[in-house]
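The values are calculated or read from the model by the stated rules, or taken from the named source; none is laboratory data. Just so we're clear, the structure is a prediction, and the values are computed from it rather than from any experiment. Quick reminder, even Gly has a Cβ in these numbers, built from the backbone with ideal geometry, and neighbours come from all protein chains shown.
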Amino acid sequence: MPNPAARQQNAAKAEARKGASSEPLTTMSVIAPAVAWLIPGAGHLIQKRWMRGVLLMASIVSMFVLGLLMQGRVYRLNGGDILDILGFVGDVGAGGLYIVTRAMNWGKGAIAHATADYGTKYIIVAGLLNFISVADAYHIAIGKKP
Amino acid sequence: MTLELSHFNAALLFSVFASVVFGITQRNTTRDQIRYGLYCFAMFVGGIFLAGWVMWLLRH
C-alpha cells in the first residue's frame, strides 16, 4: 500500500497530466504554427506581436538570403549520408523560403568559393531557428506565453 | 551576385541573428528578451575569441 507522501505525489502527477492535456485547441493554435513555418515571423504577426514578428522575420530571412548569396548549398530530399539527411531537415525548417529556393533552382553550392560552406550552414541554421520560432508562435497561441 | 565574408564577419553576423531569435523566443518580457539576447551575443562573441586563441595555441 503506498504511503501518503507517494499518494500525494501520484495525485500531483495526475493533475499535471490533466493540465497538459487540457490545453485549448483553438483555430489559432493550428494556424499560427503553420503560417510561422511557411513565412518566418508571420506566426507572431497574425497574433499581433508586431515587433517580435518583424525581428524574427528580418533575422531568419536575412540569414537564409545571406547563405544563398554566399553560394551555400540547399539540400534536397535524400536517403544517403546522415549529415545530408539532417541538412535537409534543417533546410526544410525555413518553409516558404526553402520552397521558393527549390522552385527557382537556387542553392546549388559552389565549391570554388571558400565562403560557400559558411553559406550552407547559414541556410541550415535559418531553418532551425524558424523551428524555434514556430514553437514560440504555438506557445503564444495556446496562452502559455504572453 | 556572390557575397564573400571573412570567417570573423560571418561568425559575427551569425551571432547577431541567432541572438535575436534566442532572445525573443526564450524569454517572456521585453526587458528579459533584450537582456538574454545581449547575453547570447556576448557568449557567441566570447566563444569566437576563445576558439580563436585555442586554435592559435594549437598551431604554436
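Considering region A:128-146 alone, what residues qualify as being touching a helix residue (DSSP H, G or I) at 6+ places or on another chain (Cβ under 8 Å) and among the small types (Gly, Ala, Ser)?
A:Ser133, A:Ala135, A:Ala137, A:Ala141 - these are the residues of region A:128-146 that are touching a helix residue (DSSP H, G or I) at 6+ places or on another chain (Cβ under 8 Å) and among the small types (Gly, Ala, Ser).
Here's a check for you: in region B:3-15, which residue that is surrounded by 13 or more Cβ atoms within 10 Å (Cβ to Cβ) and at the interface with another protein chain (Cβ under 8 Å from one of its Cβ atoms) is nearest to A:Leu68 (Cα to Cα)?
B:Leu3
Go through region A:78-127 residue by residue and tally those that are in a helix (DSSP H, G or I), within 14 Å of chain B (Cβ to nearest Cβ) and either out of contact with any helix residue (DSSP H, G or I) (no Cβ under 9 Å at 6 or more places or on another chain) or aromatic (Phe, Trp, Tyr) (or both).
Residues in region A:78-127 being in a helix (DSSP H, G or I), within 14 Å of chain B (Cβ to nearest Cβ) and either out of contact with any helix residue (DSSP H, G or I) (no Cβ under 9 Å at 6 or more places or on another chain) or aromatic (Phe, Trp, Tyr) (or both): 4 in total.
Based on what the data block shows, is A:Asp81 modelled with pLDDT under 95 and farther than 28 Å from B:Met1 by Cβ?
Details: modelled with pLDDT under 95: yes; farther than 28 Å from B:Met1 by Cβ: yes.
When the stated conditions are applied, A:Asp81 passes them.
I want to confirm something. Restricting to region A:26-66 and keeping residues that are in contact (Cβ under 8 Å) with a residue 24 or more places away in the chain and of a type in the set (Phe, Trp, Tyr), which single residue is farthest from the other protein chains (Cβ to nearest Cβ)?
A:Trp37
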